[in-house]
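Only one structure is covered here, and it is reproduced in the block below.
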Amino acid sequence: MLNEDIAWLDGYLNALSSIDGGLRSYFATAFILESDNKSAASTLADFFKPEISLSISRVDEINDWHGYLEQALVDVLLKIPLGVQREDDLVSERRKYLAFRIMDSIGSMIESYEKSLLLDVEVTCINHESRCRFFLISCNEQYIVLQFTDENCI
């Protein structure tokens with residue numbers, strides 16, 4: 001069931017990113033990353049090798065993470081809706097609603113796991129001149145990964 005849920009979330013994030021900013025400058029996705037005995041940051045970097053070299057600039061570990069992630073999602077969603085810089089109540093409320101929908105989806109994915117942890121990871125993709133923010137939610141031997149990439153920031 002997790003694969004179907006992550007596929008829905010991936011499609012949802014892809015659709016949101018397609019209306020945000022330039023057509024190829026902003027990208028959001030979701031996927032499953034198998035955990036190994038290395039740190040989450042090393043596992044993430046190894047997942048992208050050799051095509052993409054990641055330089056990890058920050059890793060924050062958050063135990064009580066639901067409110068943290070919801071606010072972080074508000075901050076990364078619809079940065080420039082339809083390519084128009086806009087800050088008003090309508091956009092703000094829509095960001096909150098979209099973050100709520102994402103959190104609702106994640107909640108249904110992780111409800112059967114005893115304990116989960118969030119890792120908030122910021123990286124620079126060296127050979128692609130972009131910055132990424134990853135949210136890794138631990139679920140036993142896997143991570144649910146949310147990736148937000150901005151190619152306009154370097």
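The values are calculated or read from the model by the stated rules, or taken from the named source; none is laboratory data. What you are looking at is a predicted structure, and each value in this text was computed from that prediction instead of being measured. Virtual Cβ from ideal backbone geometry, glycine too; neighbours counted across all protein chains shown.
Structure notes:
- Identity of the residue in segment 26-59, part of a strand (DSSP E or B) and of a type in the set (S, T, N, Q), that ends up nearest to residue 106 (Cα to Cα): 29
- Remark: pairs (first residue in segment 92-106, touching a residue at least 40 places away in the same chain (Cβ under 8 Å); second residue outside any helix (DSSP H, G or I) and surrounded by 15 or more Cβ atoms within 10 Å (Cβ to Cβ); Cβ separation under 6 Å; 6+ apart in sequence or on different chains) = 98/77.
- For segment 122-138, the set of residues classified as touching a Leu at 6+ places or on another chain (Cβ under 8 Å) and either farther than 11 Å from residue 55 by Cβ or acidic (Asp, Glu) (or both) consists of 134, 135, 136, 137, 138, listed by residue number.
- Any chance residue 23 is modelled with pLDDT under 85, within 17 Å of residue 132 (Cα to Cα), touching a helix residue (DSSP H, G or I) at 6+ places or on another chain (Cβ under 7 Å) and not in a helix (DSSP H, G or I): no
- Residue match in segment 54-63 (condition: in contact (Cβ under 8 Å) with a residue 60 or more places away in the chain, farther than 23 Å from residue 124 by Cα and out of contact with any Phe, Trp or Tyr (no Cβ under 9 Å at 6 or more places or on another chain)): no
- From 15, 28, residue being surrounded by 12 or more Cβ atoms within 10 Å (Cβ to Cβ) and within 17 Å of the chain's Cα centre (by Cα): 28
- Residue in segment 12-20 that is under 29 Å from residue 112 (Cα atoms) and among the charged types (D, E, K, R) present: no
- Segment 126-146, subset surrounded by 20 or more Cβ atoms within 10 Å (Cβ to Cβ) and within 16 Å of residue 76 (Cα to Cα), residue modelled with the lowest pLDDT: 132
- Considering residues of segment 60-92 that are in a helix (DSSP H, G or I), of a type in the set (D, E, K, R) and at pLDDT below 90 only, the residue surrounded by the most Cβ atoms within 10 Å (Cβ to Cβ): 75
- Residue 123 being assigned to a strand (DSSP E or B) and at pLDDT below 90: yes
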